[in-house]
Amino acid sequence: MSDILLRNSFIVSLRFKKTIAMDLENIKNIVTQQDGLSKTLGMEFFSTPDPDTCIAKMKVDERNRQAFGFLSGGASLALAENLAGVGSLAICPNEISVGINVSGSHVKSVLEGETVTAYGRLQHRGRTLHQWHIEIKDSEGNLISTVQVTNYVLRKPRK
């Protein structure tokens, strides 16, 4: 009986093989080579050892602040959505990921000159939907925003 359990758990482990890291290197190359929101707002993406997390940083400057010198709430949401998109692309490299819902709350402001860090954690990985929870923090670790992002995952179109 233990041979059957061992064999079944081996089959299950093969079927649900889990990545050992969130490697964003290939995705970063795609993002930085093209003009787009990530590049325009100054976002940087970082790989992590955990397969369900990813990180991005963004310096608050004239590209992403509002008129009073604070980080724009829209820029925070854009950072979160882009991080979730990059994360979904990393775990599904042969597919396309598009944000279909973004919802956030801003709890603290950040002044121009500071850097914010977004920490993304995959909450649900379905075949066609990914749900991400993003926390954006200032350089002292204070919570700035929480954002929920839902991505739709689809096949790349044929050329």
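The values are calculated or read from the model by the stated rules, or taken from the named source; none is laboratory data. As the structure is a computational prediction, the values presented were derived from the model and not from experiment. Ideal geometry is used to build each Cβ from the backbone, glycine not excepted, and the neighbour counts take in all protein chains shown. The accessibility values were calculated without ligands, DNA or RNA, using every heavy atom of the protein model including side chains. Shrake-Rupley method; radii C 1.70, N 1.55, O 1.52, S 1.80 Å.
Using the per-residue mean of other Cβ atoms lying within 10 Å as a proxy for protection, in what order, highest first, do the peptides 128-135, 82-89 fall?
Working: 128-135: 18.4, 82-89: 25.4.
So the peptides 128-135, 82-89, ranked by packing, come out 82-89, 128-135.
Where is the GNM fluctuation largest for the chain (alpha-carbon springs, 10 angstrom cutoff): Lys39, Lys57, Lys28?
Lys39
Ignoring ligands, DNA and RNA, please state the percent of accessible area on the chain from carbon and sulfur, probe 1.4 Å. The partial results should precede the final answer.
Numbers: 5260 of 9910 Å².
Looking at the chain in its full context, I get 53 percent from C and S.
Could you order peptides 139-145, 96-102 by the average number of other Cβ atoms within 10 Å of their residues, highest first?
Working: 139-145: 12.7, 96-102: 14.7.
Going by the mean number of other Cβ atoms within 10 Å, highest first, we get 96-102, 139-145.
Give, as ranges by residue number, the residues of the stretch 53-86 whose backbone N falls under 18 Å from the point 7 Å along Cα→Cβ of Leu154.
Counting only backbone N, you get 85-86.
Compute the FRET efficiency between Arg121 and Asp61 as 1/(1 + (r/R0)^6), taking r as their Cβ-Cβ distance and R0 = 22 Å, and round to the nearest 0.05.
With a Förster radius of 22 Å, E is 0.25.
Just to confirm the filter: which GluC sites (Glu not before Pro) across the stretch 18-104 are DSSP coil and have at most 14 other Cβ within 10 angstrom of their Cβ?
Working: sites: Glu25, Glu44, Glu62, Glu81, Glu95; in loops: Glu62.
Of the GluC sites (Glu not before Pro), the ones in loops of the stretch 18-104 whose Cβ has at most 14 other Cβ atoms within 10 Å are Glu62.
Put +1 on the Cβ of every Lys and Arg and -1 on every Asp and Glu Cβ in the stretch 52-142; which of Ala90, Cys54, Gly120 then has its Cα farthest towards the positive end of the dipole?
About the Cα centre, the residue reaching furthest to the positive side is Ala90.
Could you grab the Rg to Rh ratio for the stretch 78-146? Cα atoms only, Kirkwood for Rh. Present the calculation step by step, with values, prior to reporting the outcome.
Values: Rg = 13.1 Å, Rh = 12.9 Å.
Taking Rh as the inverse mean 1/r over Cα pairs, Rg/Rh reads 1.02.
Tell me which aspartates and glutamates have Cα within less than 20 Å of Lys57's Cα, excluding those fewer than 8 residues away on the same chain?
Asp23, Glu25, Asp35, Glu44, Glu81, Glu112, Glu114, Glu135, Asp138, Glu140
Could you estimate the translational diffusion coefficient of the chain from the Stokes-Einstein equation, with Rh from the Kirkwood formula over C-alpha pairs, at 4 °C and 1.567 mPa s, in whole µm²/s?
Working: Rh = 16.7 Å.
Taking Rh from Cα pairs, D becomes 78 µm²/s.
Considering only protein heavy atoms, what per residue accessible area in square angstrom results for the chain with a 1.4 angstrom probe? Walk me through the numbers before you get to the answer.
On the way: 9910 Å² over 159 residues.
Using a 1.4 Å probe on heavy atoms only, each residue of the chain averages 62 Å².
Restricting things to alpha carbons, find the Rg to Rh ratio for the stretch 19-88 using the Kirkwood radius for Rh. Walk me through the intermediate numbers first.
Working: Rg = 12.7 Å, Rh = 12.6 Å.
With Rh from the inverse mean 1/r over Cα pairs, Rg/Rh is 1.01.
Any idea how far the Cα center of the stretch 51-74 sits from the one of the stretch 85-155, in Å?
With the stretch 51-74 and the stretch 85-155 each reduced to a Cα centre, they are spaced 12 Å.
Treating only the Cβ atoms of Lys and Arg (+1) and Asp and Glu (-1) as charged, compute the dipole magnitude of the chain about its Cα centre; round to the nearest 20 debye.
Values: 19 positive and 16 negative charges, 168 e Å.
With only Lys, Arg, Asp and Glu charged at Cβ, the dipole is about 800 debye.
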